[in-house]
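A.B. asks: Got a structure here, written out as structure tokens. Questions coming.
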Amino acid sequence: MKLNRSDARSHRWGLILAGGDGERLLPLTRTIAGDDRPKQFCAVTGDETLSSSRLLIQPSNRGTAPAILYSLLHFREMDPKGVVASFPSDHHFSDDEAFVGHIDSAYIAAASQPEMVVLLGIPPEAPEVDYGWIEPGTPLTMDSVCRVSRFWEKPSGSVASSLMERGCLWNSFVMVGCIHAFLDLIRRALPSLVELFESIRSSLFTAAERRALRDLYSGICTTSFSHDVLAAQPNGLAVLRATGLGWSDLGEPGRVRSVLERKSVQTTRVFRTDYGEDGVLAGKKATG
């Protein structure tokens, strides 16, 4: 989707990632919706779903790296000078105004550092082992923006504690960068994958695209953008320290519960998930 059509920002684009199997959240979404619909189309924190946008459809789930690459190739055909912000559809930000402000800063940073992809880094609240961690390096020209010294994907508890003490940041997986910066980053990490997608470039936006994409996906392995691209290529990354966002990854029922508690939403049902953690079903807002 295009974010802004003004002259100054006419090359800004937004990408919403709405893939994944949602297995960890399935017990909760099944209870809310009564079926096995994808988590992106289930209202887990109120009346709105996690994604209501029109999406590019992949033939099968092969991880976040092919999904992002496929989307970037579409953006390149529409606007080669584009600057893209990539957003997970299953993350929550309690302060929309602060979030929009940080995204605007990330767009500005990406435009001023066109060879780098800018990540939004969240000051940690705990030594979380299920998140990626970003180790900031040398400061860049903008306030709160640094080069990335190292990217840590889902570290052990002891390592996470050490990272927290050293001032490292959680990776929100919100990323902003020029299209060519994203493509160069992926090409350095996964050259064969980029070559395969480039081979079907002529089919994009034509009737042949669906078949070409299906054939391509039948022959590729699952690859993670965090593990196989970000962690492998920290030299192409910058990080913007984003404070005051009230960020949460809604990938597990316990995190959904925490968001609902912060929003003062009552729960109308409590159940046990497959892995022994309580889940909740949101009800009406608390009154009084």
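The values are calculated or read from the model by the stated rules, or taken from the named source; none is laboratory data. Computed from a prediction, not measured in an experiment: that's the story for all the values here. FYI the Cβ positions are ideal-geometry reconstructions off the backbone, even for glycines, and counts take in every protein chain you see.
A.B. asks: Here is a list: Val280, Val256, Val229. Which entry is assigned to a helix (DSSP H, G or I), in contact with a helix residue (DSSP H, G or I) (Cβ under 8 Å, 6 or more places away or on another chain) and modelled with pLDDT under 95? Spell out how you get there, then give the answer.
C.D. replies: Working: Val280 fails: assigned to a helix (DSSP H, G or I); Val229 fails: modelled with pLDDT under 95.
Testing whether each residue is assigned to a helix (DSSP H, G or I), in contact with a helix residue (DSSP H, G or I) (Cβ under 8 Å, 6 or more places away or on another chain) and modelled with pLDDT under 95 leaves just Val256.
A.B. asks: Within segment 161-182, how many residues turn out to be assigned to a helix (DSSP H, G or I) and surrounded by fewer than 20 Cβ atoms within 10 Å (Cβ to Cβ)? I'd like the intermediate steps shown before the answer.
C.D. replies: In the first step, residues of segment 161-182 are kept if they are assigned to a helix (DSSP H, G or I); the result is 161-165, 179-182.
From what is left, the residues that are surrounded by fewer than 20 Cβ atoms within 10 Å (Cβ to Cβ) are 161-162, 164-165, 180.
Qualifying residue count for the region: 5.
A.B. asks: Looking only at segment 77-135, count every residue that is under 20 Å from Val145 (Cβ atoms), without any contact (Cβ under 8 Å) to a residue 60 or more places away in the chain and of a type in the set (A, V, I, L, M) and tell me the total.
C.D. replies: Summing the residues that are under 20 Å from Val145 (Cβ atoms), without any contact (Cβ under 8 Å) to a residue 60 or more places away in the chain and of a type in the set (A, V, I, L, M) in segment 77-135 gives 2.
Per-residue answers, yes or no, for (1) within 21 Å of the chain's Cα centre (by Cα); (2) under 26 Å from Glu128 (Cβ atoms); (3) at pLDDT 95 or above; (4) hydroxyl-bearing (Ser, Thr, Tyr):
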residue	(1), (2), (3), (4)
Phe151	yes, yes, no, no
Ala160	yes, yes, yes, no
Cys168	yes, yes, yes, no
Leu183	yes, no, yes, no
Arg188	yes, no, yes, no
Leu204	no, no, yes, no
Leu213	no, no, yes, no
Thr222	yes, yes, yes, yes
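A.B. asks: So, one more: Can you work out which of the residues in segment 183-202 that are free of Cβ contacts under 8 Å to residues at least 60 places away in the same chain and outside any helix (DSSP H, G or I) is farthest from Ala232 (Cα to Cα)?
C.D. replies: Filtering segment 183-202 for residues that are free of Cβ contacts under 8 Å to residues at least 60 places away in the same chain and outside any helix (DSSP H, G or I), the one farthest from Ala232 (Cα to Cα) comes out as Ile200.
A.B. asks: Here's a follow-up. For residues that are assigned to a helix (DSSP H, G or I), of a type outside the set (Val, Ile, Thr) and crowded, with 18+ Cβ neighbours inside 10 Å, tally how many sit in segment 76-113.
C.D. replies: Taking segment 76-113 and keeping what is assigned to a helix (DSSP H, G or I), we get 76-78, 96-112.
With the extra rule that they be of a type outside the set (Val, Ile, Thr), the set shrinks to 76-78, 96-99, 101-102, 104-107, 109-112.
Cutting the leftovers down to crowded, with 18+ Cβ neighbours inside 10 Å gives us 76, 99, 102, 105-107, 109-110.
Total meeting the criteria: 8.
A.B. asks: I need a count of the residues in segment 203-226 that are out of contact with any strand residue (DSSP E or B) (no Cβ under 9 Å at 6 or more places or on another chain), of a type in the set (Gly, Ala, Ser) and part of a loop (DSSP other than H, G, I, E, B). Reasoning before the result, please.
C.D. replies: First pass over segment 203-226, keeping only residues out of contact with any strand residue (DSSP E or B) (no Cβ under 9 Å at 6 or more places or on another chain): 203-223.
After this cut, where a residue has to be of a type in the set (Gly, Ala, Ser) as well, the list is 203, 207-208, 212, 218-219.
In the following step, the residues that additionally are part of a loop (DSSP other than H, G, I, E, B) were identified as 207-208, 218-219.
Here the count works out to 4.
A.B. asks: Please state which one of Phe173, Phe197 is in contact with a helix residue (DSSP H, G or I) (Cβ under 8 Å, 6 or more places away or on another chain) and modelled with pLDDT under 95.
C.D. replies: Phe173
A.B. asks: Looking at segment 163-175, is at least one residue out of contact with any His (no Cβ under 7 Å at 6 or more places or on another chain), among the aliphatic types (A, V, I, L, M) and within 26 Å of Leu55 (Cβ to Cβ)?
C.D. replies: Scanning segment 163-175 turns up at least one residue that is out of contact with any His (no Cβ under 7 Å at 6 or more places or on another chain), among the aliphatic types (A, V, I, L, M) and within 26 Å of Leu55 (Cβ to Cβ).
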